[in-house]
Structure formats: structure tokens, C-alpha cells
Amino acid sequence: MDGERVFIPISKLNTFVYCPRRFFYEFIEGEERRNEFIEDGAQKHQAVNEEAYGLKRGDKTISRQVYVASEKLGVSGYADLIEEENGVVRPIEYKRGHLGDWLNDKVQLCAEALCVEELRGISVSSGDLFYIGSHRRKEVAFDQALRSTTLDIISRAHDLVAHPAIPPALDNNRCNGCSIRPICLPAETALLQAQGDGISGQTGQTPSRPSPEGAQIRPRRPVPSLGMEHVLYVDTQGAYIRKTDERLVVAKREDGAREEVLRDLPAINVDQVVLGGNVGFTTPALRFLLGRGIPVVFMSAGGNYEGTLVPEFSRNSILRIAQHRASSDIEKALPLARQFVTAKLANMRSLLLRYNRTLQSPSVHQSITRIRMRLQEVDRATGLEQLLGIEGNGSSDYFRVFGELLKSDVGFSFEKRSRRPPRDPVNALLSFAYALLSKDMISTIATVGLDPYVGFYHQPKYGRPCLALDLMEEMRPIVADSVVLTFVNNGMVSPNDSETREGGVYMNETARKRFYRLYEQRKSDRITHPVFSYRLPYRRAMELQARILAKYLSGEIDSYYPLVVR
């Protein structure tokens, strides 16, 4: 790393022994995630978390949270407790679990001892591990075997930092309860590696990975990792967001009048903030949101996406380098583009099939047939221009009959897709839905560690979030278009909820607020993943697809597998 000495936290040596792959995600890529086990451990550590030096207990001197480091070994960290009695020094480490012979804990404790020896020029012969779950202390002798193992672990960890290549997934009992599991996806990765090109995203197969014993192992539904559950939408013009303690307050003040509080909610209930039009926030609120890792999305008053203020960017530059290389390599970009287009056309066809079961429309049936023909053309496309033509023709087939999916008694009509600007209320709703989907994809992609602006099907263009547009393709029909159809057909909006300005048609504030709620509900709807078989909400499916793409770009799997519904 350009000659700069890297100090590995001693606690991460524990992680390295337990799972090198987790060490890679947490220390090298900076993917820290907290779950109930980590929170429980943090609470149980509170008694020794505060620094204290030279406390006397009889003949013993006790110090808490003692910083130790080794320039020679390149490790540093904090010892939970150091006891000194009659010239004998003993490091003590507290662990949340139960007493056992755990090598990872012993290596961590031994590394602390090696640091103390170097700092003080003394010999440390043993220390203790206190297991909170058992309320028992285990003595650990720092014999030659443990010292050699610890030095070897430190060396291997530094090698991985110097030459970062993601270790293979363990996919065993150690994965249970791991906070990194939703990022690591061990079972999913192993399944895709084992099946290779045998998995067809178009057919919706749900293959299993044979275990050594001949049993069939399917991935389990991942625990949520991305914060996209609770979105705070604010588009009341003139409103602002301020912070009070651990709460966010949405308020408005007009012409020196008394402040009117519109919303007051705990910050813990907010995962993303979306501001529409003339909405502001105080500097303390902004700093608070960024410190909590909560992105702030800006949209125009008409519902167009303008940008996102994101927290600290992912440290995974290696993944982004691989992404940039693949984007400029047609041999890699074209197969990905084919997958995105295949998923979009297949999901358009599925939505038409679903509606036509009731409509029994000959023209819709004709479009379904034509889109199926387009799907057969995708694999024969030899370039992106040809693929753009196929996708464009398929979209024309789809939108040619989209108006037939609208109920005749709702007062809306649709002739063709118009974008900049939308020419009618249905097009205004479609554009608004795509803007919301775009902001979610950008946030998801950035959190995964990819660059939202470097794509494969949508080639780079200044200011265009190309990768977000790529991954949106498979989600447009089943998320955005589906919401628009439900919104209109269920009578949740009327033509009077739109307004015309600057040559375009836009939904008013009241309609947008209703649409926000329905859009969030749709993202919470569950779908059975066509490859992994478990059920998960669409919001998690977005994240999962971005992570599958990241694993393809990093070389962990041989293909990208799109989300295709039936």
C-alpha cells in the first residue's frame, strides 16, 4: 500500500481465524454490519469498555481498555483488562459466549501479550479468557505452539491485505448468525459456482447444490442488511428537517409565524430520506444523517430524480476497478447487457400474461407473442446497438397495449410512452415511478460498493447513472409499472390530480404522497426468487441482484443471474 504500514486491529485477527472471508469483508472492504449478537456482545462488554488505569484490588493493579500495539508485527488494539501482581502481567479478554477451546480467542489474547512484551520489554507467560455466557475464566498459556500459530495468522492476514483476493465461502455452521452473511451470501455463491452455466435465469429454475452426502442444500433467505425499510418522504414545499436529540423533526414556518411540526419521529426508524422540491434541512440534521449512514435523495417538485447525498463511499476500490474494466470490454459487457434485456422483456411478458388472463385481449396476446420472439433474438445479438434495437422493439410491443391494462371506468387513457416531458397523467406516473426506482437502485449499488454511473448495457454518459439503469431494467415491469397500474385501476388517483406546466403533465403533491405509500408497499411485497427459492421482498431482491453482479465482476461466479418472475 505505497509503503504505508498497515496495522491490523487485534480483534480482526480473531475474525481471520474464525473466517478469512469475513475478515476480508470487514477489514479490507469496510463492510461492518451489526446484528443482535454483536449488540448483545457490546452490551455485555460495557463493564470493561471504559478506560481506567491503575485501579487497586488488594495486591493487584487493574487497567481497562489498554491500548497495545506492535510496530514489528503491524497489529494494534485494546486489551479489555490487564492485571499486574508482583511483577506478573496478565491480559484478560472478555467474550460474550460460553467456555470452550476456541483458537480464534486464544490467538487474539496471545497477540495482545506479544504487544505488551514488545512495549514493556517483559515476558508474558499466560492470560485469561472470561466467557460471560458461562461466567467462567479460562487460563491460556502462551507456549511456543500458540505463539507460532499467532505469528503465522498475523503474517497470513497481512498477505491478504497486501494482495486482496476474496477467500472462498465456508458455507457451514459458522455462517449461522454471522452479521456479514447477507453480504457474503455463502450458500448462494456456492450454488452458483457449482451450477455454472447450468442455471437458466429465463426458465425460472430453482436448482439445488448437491452436498457431499448427496442431500440437497438450498440457500436460506438472507437477513436484511441494507437499510431501505423505512423511507421518510418530505415534499411539502417550504418544509425543513431539523434534529432534536435522537429524533428528526419535519417542520414548516411561514412569514415569521410559529413553527408547525409536521412530523416528529425517532431517527432509528429512518433508513433513507427523500426530499421533493423546495425542502431543506439544518446542518446538524445533515451531519447526523450522514453519520448514521442515512442517504438523502433529492427530487424535483415534479418528481424527477436530481441526486443523492450519500455517506462515506465503500472502500472496495478493487471491485470498482473490475467494474470499469468490464464496462469497457465488450466481451464482458455484452453478456451482461443480454441478461438485463432478457429479464426486462421476460418480465414485461409476464405482466401482460397476468393481466390478459382476465382481459383475453387479442392485441395483448399478439404483443405477448411478439415479445417472446424478441427474447429469442437476444442471444443472437452481436453488439450493443443491435441489442438496443431488440429491446426497443420489445418495449414498443409492450407499451402499444399498456393502455388496455387500465380499467375503462377510471378516466385514464394511454396511447404511447412519452418521457421528456410526459404528455399525459399515466406517462407522468410512469416517469415518477422510474425516478423512485432509480434513486433506490443508486443507493443500493453505492452501498454494495459498485459505481452507479458505470454500466454495461447503458454505456457511460455524463451525469447518467448507467449501472442503476441496467439493474432497473428487470425491475421496471414488476415494480414500477405494477405500482402505476394498481394506483390507477384501484381508483387511488384521478385525472384531476395532475397539472400541466412547461409543456408536460405532472402529478400534484397530494397524488405523489399517495403514490409514495403504494410504492413502498410494493417494495415490501414478497417474491419467490427464481434461483434461490426463498421468499424475500422486492427491496431485498434489488440488493441481492446488485450483490450477485458484484460477485460476477469480482470473479467469484461465472455469470450474472437476473431476476425473472413467472
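Tabulated data
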quantity	calculated
Where Rh is the Kirkwood radius over Cα pairs, Rg/Rh for the stretch 58-152	0.94
Shape of the stretch 455-503, Cα gyration tensor, a/c cut at 1.5	oblate
Members of K252/K523; K332/K461; K439/K513 lying beyond 27 Å, as alpha-carbon distances in this model show	K252/K523
Largest-first principal axis extents of the Cα set of the chain (Å)	90, 68, 43
Solvent-accessible surface ranking, highest first, for H365, H458 at 1.4 angstrom	H365, H458
Debye-sum result for the stretch 371-434 in log10 I(q)/I(0), which assumes one identical scatterer on each alpha carbon, at q = 0.25 Å⁻¹	-1.02
Rg/Rh for the stretch 522-566, where both radii come from Cα atoms and Rh is the Kirkwood radius	1.00
With DNA, RNA and ligands ignored, accessible area of C178 (1.4 Å probe; Å², nearest 10)	30 Å²
MRE, 222 nm, helices only [DSSP H, n ≥ 4, -39500 (n - 2.57), over the chain, to nearest 500]	-13000 deg cm²/dmol
Formal net charge of residues neighbouring G503 (Cβ-Cβ distance under 11 Å; K, R +1; D, E -1)	+2
Positive dipole terminus of the chain, leading residue within F487, G238, P465 (C-beta point charges)	F487
Cα Rg over Rh - the stretch 429-477, Kirkwood	0.95
Cβ charges +1 (Lys, Arg) and -1 (Asp, Glu), total dipole of the chain, debye	1560 debye
Antiparallel DSSP beta bridges within the chain, percent to nearest 5	75 percent
Estimated D of the stretch 470-533 in µm² per second, where Rh is the Kirkwood radius over Cα pairs and Stokes-Einstein applies at 25 °C, 0.890 mPa s	182 µm²/s
Probe 1.4 Å - accessible area at T447, Å² to nearest ten	60 Å²
Positive-end residue, the chain charge dipole about Cα centroid, Cβ charges, pick of L334, V66, N176	L334
Whichever lysines have a C-alpha closer than 21 Å to that of K95, once near sequence neighbours (fewer than 8 apart) are set aside	K12, K44, K106, K138
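The values are calculated or read from the model by the stated rules, or taken from the named source; none is laboratory data. None of the values given here were measured: they were computed from a predicted structure. For neighbour counting, all protein chains shown are included, and Cβ atoms are generated from backbone atoms with ideal geometry for every residue, glycine included. To get the accessible areas, we keep the full protein, side chains included, count just its heavy atoms, and leave off ligands, DNA and RNA. Shrake-Rupley method; radii C 1.70, N 1.55, O 1.52, S 1.80 Å.
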